[in-house]
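Written out below as structure tokens is the structure these notes cover.
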Amino acid sequence: MYSEKFQKFIEIWDKEYAISRSIDAKLCEDKDGNPLPWYTYPAIEYLSQFDYSGKKIFEYGCGYSSLFWARRAERVVSIEDNPAYFDKWSANFKEPNLDIRWRDEGEIYEQAIFEDDDCYDVIVVDGKRRFQCAAAAVEKLAPGGMVILDDSDRINTSQEYVKAVANLRSADLIQVDFYGFCPMNSYTKTTSLFLRRDFNFKSLYKVQPVNGIGNLWSMGRRARKDFFKKFA
């Protein structure tokens, strides 16, 4: 038998994170059906605080994250190397500011970021050839911007990630690691942000941090006191 406190913990994961539906249906979505990137929840919550309305995003690797960014940013370019997924995302993702491009795996893949003159405020490295893509990201990162390297814990077993992280750190970017569970998975991983030292994204809110998913302080005072008495 589980304790009442532990049952409440499971209830928060199930209702507030919608984790059971995400895992069973293989959906990167929140409880209201909004798209989420396949990053760790701590990284998602941190990133969700900022105003991207004037920002340009570049992704190596297309998916639900493309919708997440397109609904927040001025412009999103997302690179997909799998023809089947390219057809799927192109058919299903209709955001007018989202540009999905198919580029075959190989040198042409990481070079896709140089096809436009733009520098990008956020560059996501979450597809193929992550070392090469990280190197390209350093060249195209806008002042005050950041690079997101997902699954960065693979550095423990993959030389590709060792080199990718070394390249980003050698560019004098500040590494911040977010460990935890993520949508669709029953295990933890790590999403790392690499911030320029002049990182200057503005918050959407008057304070930072805002209340996270399932946070006690998002409740009213009476509800919080009742919750604390019963479960804390």
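Any read-out appearing in this document is the output of simple, stated calculations on the displayed coordinates, not a laboratory observation. Remember, it's a predicted structure, so these values are computed and weren't measured experimentally. Quick reminder, even Gly has a Cβ in these numbers, built from the backbone with ideal geometry, and neighbours come from all protein chains shown.
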Just for the chain, what percent of DSSP beta bridges are antiparallel, to the closest 5?
40
Could you work out [θ]222 nm for the chain from helices alone, using -39500 (n - 2.57) per DSSP H run of at least four and dividing by all its residues? Round to the nearest 500 deg cm²/dmol.
-10000 deg cm²/dmol
Per residue and in Å³, how big is the convex hull formed by the alpha-carbon atoms of region 77-129?
84
Under a cut-off of 23 Å between alpha-carbon atoms, report the lysines in cross-link reach of residue 5, not counting same-chain residues fewer than 8 places apart.
15, 31, 225, 229, 230
Of the candidates 176, 122, 165, which one comes out as most mobile in a Gaussian network treatment of the chain with C-alpha springs shorter than 10 Å?
176
24 Å tail of the calculated P(r), region 38-175, as % of Cα pairs:
24
List the pair-distance distribution P(r) of region 141-212, using every Cα-Cα distance, as the percent of pairs falling in each 5 Å bin from 0 up to the bin containing the longest distance, rounded to whole percents.
3, 14, 20, 21, 19, 13, 7, 2, 0
In range of the label at residue 198: residues from region 156-177 whose backbone nitrogen is under 17 Å from the point 7 Å along Cα→Cβ
171-174
Could you give the longest part of the chain that holds none of the trypsin sites (Lys or Arg not before Pro) found in DSSP loops with at most 12 neighbouring Cβ atoms within 10 Å?
95-196
Report the number of Lys pairs in region 53-210 whose alpha-carbons are under 23 Å apart, with separation of 8 or more residues or on distinct chains.
15
Quotient of Cα Rg and 2.2 N^0.38 Å for the chain, N being how many residues it contains
1.07
